[in-house]
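The values are calculated or read from the model by the stated rules, or taken from the named source; none is laboratory data. Every value quoted in this text rests on a predicted model; they were computed, and no experiment measured them. Cβ sites come from the backbone with ideal geometry, for glycine too, and all protein chains shown count toward neighbours. Protein only, heavy atoms only, side chains kept; ligands, DNA and RNA dropped before computing areas. Shrake-Rupley method; radii C 1.70, N 1.55, O 1.52, S 1.80 Å.
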Amino acid sequence: MAENGEFSFTSRARSTGRNGLPRIQTNNNNKETLVCHDDSATPIKAKTIDELHSLQKKRSTPSTPIKSPLATGTAADGSFAVISEEERQRQQLHASLASLTRERGPKVVKGDPATPRKVDGQPSTHSFHYTSTPTFDDNISDSALKFTHVLYNLSPAELYEQAVKYEKGSFITSSGALATLSGAKTGRSPRDKRVVKDETTERELWWGKGSPNIEMDEHTFLVNRERAVDYLNSLDKVFVNDQFLNWDPEHRIKVRIVSARAYHSLFMHNMCIRPTSEELEDFGTPDFTIYNAGQFPCNRYTHYMTSSTSIDINLARKEMVILGTQYAGEMKKGLFSLMHYLMPKRQILSLHSGCNMGKDGDVALFFGLSGTGKTTLSTDHNRYLIGDDEHCWSDNGVSNIEGGCYAKCIDLSREKEPDIWNAIKFGTVLENIVFDEHTREVDYLDKSVTVLIKVLNFTYYLESYHHAYWDFTAAENTRAAYPIEYIPNAKIPCVGPHPKNIILLACDAFGVLPPVSKLSLEQTMYHFISGYTALVAGTEEGVKEPRATFSACFGAAFIMLNPTKYAAMLAEKMQKHGATGWLVNTGWSGGSYGSGNRIKLAFTRRIIDAIHSGTLLEASYTKTPVFGLEIPTEIEGVPSEILDPENTWSDMKAYKDTLLKLGTLFKKNFEGFVNHKIGEDNKLTDEILAAGPLF
Ligand SMILES: Nc1ncnc2c1ncn2[C@@H]1O[C@H](COP(=O)(O)OP(=O)(O)O)[C@@H](O)[C@H]1O
Ligand SMILES: C=C(OP(=O)(O)O)C(=O)O
Ligand SMILES: [Ca+2]
Ligand SMILES: [Mn+2]
């Protein structure tokens, strides 16, 4: 017989029950009651499982004292009506989701349909309370009667749960990041980006050859908008994010993002500026709204539609519609296009650049096309990160447009990029990466998901001439999106003084541009307008060759006005603030792709260090043929022989041919700009022209 006081089989005589089975006794002293009694735990308040679960979640406390439930507002007829703050917000959301052609619907309800809210107490910032909570049955009704549940500004934890529960391909990785799939598109679709041409935009925007703005009319926009809104309303629930763009408080823009996926909502939560609870309560009407119905295609019978994807911007309506692509970068870069329109109107220059600041307040901008190193090089353990991709330069200095970073993570390593590596944790969205099914450890070398898409793009090629281009942005485009504060030395608020160094990044897969050259103002403008890079894309399996890309202002896909407008503003600002321009090749050395190698990241970092510290400005220089670039003879930590590409190629004829080939490509590209005036007179324009390759 056990005497340890925990439990024992007691003697038959004393404990046999009606069925003759011995009772279990936990306490020898408790002979009277003879019930199982666990007194090791403290008693809990809940009497039922449901009650217990209700204790698990504490209601968010409103950040400001609850406003009187009855606030005054003005009704449409001008009379004073009494509406609550809740009702005002509901009407706001309803307006965002309403059809423009149907009078009834949708019925907008805040909160998850799967977890109906209790009707009691005070309103919280995150849920509305209704006397009759809709059930799933309501959704079997027709479109005018069904409920659309709005999941409004959910937290990352809530979005994780939504993603893992309802979205195929969503998993938590070993470091806590949310792994997602963006579907068939793993990069942007620049040939499917359309802008409504109306009287104003016809006059103001850049149209025609070289412009990223493919025209569409207002009516077609509305057809696509309705398609997106109908799709969103057909769902049980949609996600709504209300957030900000631009850390400059004077020029902050309020954006609303309506989307169907938790992935999209979390992505934008990370990428836009997150409002405080107070700011959210006073958010009001957004300045711009995105309708992301990316899972749903556009209709090829609709005028202007050349594929099943369309990303449509209507500046007059302050709206953007996404159909047929779930690549989240479309939203971020779509808003960037908007800023490229709004900011120059206010004499503020919008820039496709990374930005960081030294301990002494020296600011550097990093311009470059996708994959040239803006994110990698602006993330620098010895400097404050202002932002990795989109900035504004105003009379006050620089400000980041975004609240997060979007890093490429192909071949990412902890050793080479520790800050980005460590940012991939809970809250971070990881797109299209591959992980171990059991340990959930990510294999950053694995390109399987994005490689598969190369084949898909080839299918598009057969389907339509419009897609007869190589999609550079999609290949090997695995990505991580994280809030900027995940980088330990982020500068919050993300603003800084006027830049001292303007670094133009080019990934020259031809291997003929020097690792670094110091530029005159005219050369800076020439290379800024050219916007050169050459990446490598596999055309057929096993055959890879560099291809030159020229993208005005290092971001032609996003600019709205003629490139000369931005160029003139940059020249004026650089002159006024005495900034120095640099051209840094983060691409190949010792030969083109195939024979040479990509310049080691460690060497590029030493080059950038020397720019920041000012030592490179003091170095001695020689001039290169063809491009006329000033190259330093020595940089600490970098082998001197690689500073002049001529020294690194073994085949001198091949080097000279390649150099001339690239020079010719530059000249040809610039022909498109020779007739445009930059700045007040023709003097600067002529000087910029003369700053290009001469041979
Ligand atoms: N010398 C180098 N300089 C910069 N990046 C390099 C270099 N060598 C390799 N890389 C890789 O190139 C990629 C640059 O991408 P990223 O910084 O995201 O570009 P961007 O932000 O301009 O699109 C990263 O994956 C980085 O690791
Ligand atoms: C998000 C993008 O930006 P980048 O590659 O310049 O970082 C993109 O081009 O899709
Ligand atoms: Ca980037
Ligand atoms: Mn970018």
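Some points to look at:
- Taken over the stretch 356-401, the criterion of being open to solvent by less than 10 Å² (accessible area, probe 1.4 Å), away from ligand 2 (no atom under 13 Å from the Cβ) and of a type outside the set (S, T, N, Q) is satisfied by GLY358, VAL363, ALA364, LEU365, LEU385, ILE386, CYS392, TRP393, GLY397, VAL398.
- Condition broken by TYR341, with the remaining ones in (1) within 30 Å of LYS416 (Cβ to Cβ); (2) open to solvent by 10 Å² or more (accessible area, probe 1.4 Å); (3) more than 16 Å from ligand 1 (Cβ to nearest atom) satisfied: (1)
- Taking the stretch 605-643 as the range and being in contact with a helix residue (DSSP H, G or I) (Cβ under 7 Å, 6 or more places away or on another chain) and of a type in the set (Ser, Thr, Tyr) as the test, only THR633 passes.
- Test: residue in the stretch 167-178 that is open to solvent by 30 Å² or more (accessible area, probe 1.4 Å) and in a helix (DSSP H, G or I): no
- Restricting attention to the stretch 402-418, the residues that are within 16 Å of ligand 2 (Cβ to nearest atom) and farther than 21 Å from ARG346 by Cβ total 10.
- Of all residues in the stretch 400-440 being aromatic (Phe, Trp, Tyr) and either in a strand (DSSP E or B) or within 16 Å of ligand 1 (Cβ to nearest atom) (or both), the one that is farthest from PHE267 (Cα to Cα): PHE435
- Some residue of the stretch 422-429 being away from ligand 4 (no atom under 15 Å from the Cβ), crowded, with 22+ Cβ neighbours inside 10 Å, of a type in the set (Gly, Ala, Ser) and at pLDDT 95 or above: yes
- Screening the stretch 279-308 for residues that are crowded, with 24+ Cβ neighbours inside 10 Å and of a type outside the set (A, V, I, L, M) and picking the one that is farthest from ligand 4 (Cβ to nearest atom) gives CYS298.
- Top-ranked residue of the stretch 186-202 - restricted to ones that are open to solvent by less than 10 Å² (accessible area, probe 1.4 Å) and in a loop (DSSP other than H, G, I, E, B), ranked as farthest from ASP217 (Cα to Cα): THR186
- Exclusive hit being within 14 Å of ligand 4 (Cβ to nearest atom) and either in contact with a Ser or Thr (Cβ under 7 Å, 6 or more places away or on another chain) or at pLDDT 95 or above (or both), set GLY368, GLY361, GLY397, GLY403: GLY368
- Qualifying residue in the stretch 547-567 (condition: at pLDDT 95 or above, more than 16 Å from ligand 2 (Cβ to nearest atom), farther than 23 Å from LYS668 by Cα and outside any loop (DSSP other than H, G, I, E, B)): no
- Pairing each residue of the stretch 342-357 that is farther than 12 Å from HIS391 by Cβ and touching a residue at least 60 places away in the same chain (Cβ under 8 Å) with any residue that is in a helix (DSSP H, G or I) and open to solvent by less than 10 Å² (accessible area, probe 1.4 Å), provided the two are 6+ apart or on different chains, yields C-beta distances under 9 Å for PRO344/TYR566.
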